[in-house]
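The next block holds one structure in the form of structure tokens; read it before the comments.
The values are calculated or read from the model by the stated rules, or taken from the named source; none is laboratory data. Note that the structure is predicted; figures quoted are calculated from it, not measured. When we count neighbours, we look across all protein chains shown, and the Cβ atoms used for this are built from the backbone with ideal geometry, even at glycine.
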Amino acid sequence: MKSSTRRVPKVGLREIAEVAQVSVATVSRVLNGNIRVDPAIHKTVIEAATRLKVDLSQRNKARALAFVLSNRAMLHAFHSRVLHGAEAYCTAHGWDIVFLSFNYSPLIPSNELHLPRVVQRRDVIRALVLAGTNSTNLLDLLKQKGIPFVVLGNNVIGNLQEAGNDVIFSDDIQGGEDVTRHLIGLGHRNISFVGNIRLPWFARCFAGYSRAMEEAGLIVSQSSIDSEDDAEIGYLGTKFLLARKEPVTAILAGNDTTAHGVYKALRDSGLEIPDDVSVAGCDDTVGNWLYPRLTTIREFPEQLGKQMVEMILNRIANPDQPAQRMTIPTELIKRDSCRQVAATAGELPVKQNASDVAAIV
């Protein structure tokens, strides 16, 4: 006896291509998530598939993210810990994460940037976690191409206020203010900032420092060196500061590695820490390894990595939701590199020849 059940013809790429009036290859690219397809053609193919009752929910099930470290050393201590947190969250939720190093100039127009090919394959990589140093030209390009991403806002060059994308911050502005208030509470009135305020993470710490100094009625003093080598910034910035012969009893370095350079410059100049000059840092990456141990602001890079992955997975699940923004607090860590001074303390003991120091601006 013959069955009366009729077999429903299987709809494949060829049938969708015929309805959409495009090539089979174009249909394949659209259904595999390739972003290098004209948006109008993409829409036509999706509408054709819908009319043919093709279930698209089973396609593009890649469960991999790309962790993109932009314009930074691959073994950078802070970003390595961000990656560790991102990997842990992915592993716990059944996702894979691919590490990519990407170098580009912030001065190149967005339409002239060349993205790594793998990040343009939505059938391979679903979204990006952007760490390192990024600029708005890359963010604009990713939005134009429809590639979901979340970015570490502390290290973005350019204005993020109107960016309209998922972003997370470590509250280093508040951290810079907290550590400066700690120094003021120890009696310090002549506190100088050392860093490269052309770079956003230094600028944010400097903003917090400036706020605390101005609210206390104290003079803002900074020594900014145009370099991307943190230890060099600390060393040269401190040497330049000492050459000016301004009164200084404490130095706030824009991060811990910069503080390491500050330590070396002070010691090369015959000054003791904290007896002659107190030193503080920001980020708590190497502060516990220095001698004396560095007072600093602890950030939580592993937590940043975990939260970035959670945010981008929320974006994948709910692509039309409003932009997500989050700020992770910091913690003041008091160690041995700062000491109490009399509130009237001012002049720095001069134990160097100013002629030996080159002024660097």
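Brief remarks on what is shown
- Matching residues in the stretch 265-309 - criterion: being on the phi < 0 side of the Ramachandran plot and charged (D, E, K, R): Arg267, Asp268, Glu272, Asp275, Asp276, Arg293, Arg298, Glu299, Glu302, Lys306
- Filtering the stretch 233-269 to residues that are within 18 Å of Arg198 (Cα to Cα) and among the polar types (S, T, N, Q) leaves Thr238, Asn255, Thr257, Thr258.
- Being part of a strand (DSSP E or B), modelled with pLDDT of 95 or more and either buried (at least 21 other Cβ atoms within 10 Å of the Cβ) or under 20 Å from the mean Cα position of the chain (by Cα) (or both) is a property that Val179 lacks.
- Single unsatisfied condition, Ser224 versus (1) farther than 29 Å from Gly305 by Cβ; (2) crowded, with 23+ Cβ neighbours inside 10 Å; (3) not charged (D, E, K, R): (2)
- Among the residues making up the stretch 97-120, a single one is under 16 Å from Lys145 (Cβ atoms) and of a type in the set (Gly, Ala, Ser): Ser110.
- Close pairs from the stretch 30-41: first more than 11 Å from Lys145 (Cα to Cα) and among the charged types (D, E, K, R), partner at pLDDT 75 or above and not in a loop (DSSP other than H, G, I, E, B), Cβ under 7 Å, at least 6 apart: none
- Criterion: within 17 Å of Asp256 (Cα to Cα) and in contact with a helix residue (DSSP H, G or I) (Cβ under 9 Å, 6 or more places away or on another chain) - qualifying residue of Ile197, Ile168, Ile157, Ile184: Ile197
- Taking first residues from the stretch 98-121 that are exposed (fewer than 12 other Cβ atoms within 10 Å of the Cβ) and partners that are part of a helix (DSSP H, G or I), the Cβ contacts under 7 Å between residues at least 6 apart in sequence or on separate chains come to Pro109/Asn137.
- Test: residue in the stretch 292-299 that is assigned to a loop (DSSP other than H, G, I, E, B) and crowded, with 24+ Cβ neighbours inside 10 Å: yes
- Filter result for Ile312 (in contact with a Pro (Cβ under 9 Å, 6 or more places away or on another chain), at pLDDT 95 or above and not in a helix (DSSP H, G or I)): no
- Residues located in the stretch 227-282, provided they are over 19 Å from Ser210 (Cα atoms), hydroxyl-bearing (Ser, Thr, Tyr) and not in a helix (DSSP H, G or I): Ser227, Ser269
- Residues (closer than 30 Å to Gly185 by Cβ, within 18 Å of the chain's Cα centre (by Cα) and of a type in the set (A, V, I, L, M)) located in the stretch 287-324: Ile297, Leu304
- Residue, modelled with the highest pLDDT, within the stretch 20-70, restricted to residues that are over 32 Å from the mean Cα position of the chain (by Cα), hydroxyl-bearing (Ser, Thr, Tyr) and outside any loop (DSSP other than H, G, I, E, B): Thr44
- Residues that are of a type outside the set (Val, Ile, Thr) and closer than 19 Å to Cys90 by Cα were ranked within the stretch 133-156; the one that is surrounded by the fewest Cβ atoms within 10 Å (Cβ to Cβ) is Pro148.
- Within the option set Gly254, Gly281, Gly287, being crowded, with 24+ Cβ neighbours inside 10 Å, at pLDDT below 95 and touching a strand residue (DSSP E or B) at 6+ places or on another chain (Cβ under 8 Å) holds for one residue only, Gly287.
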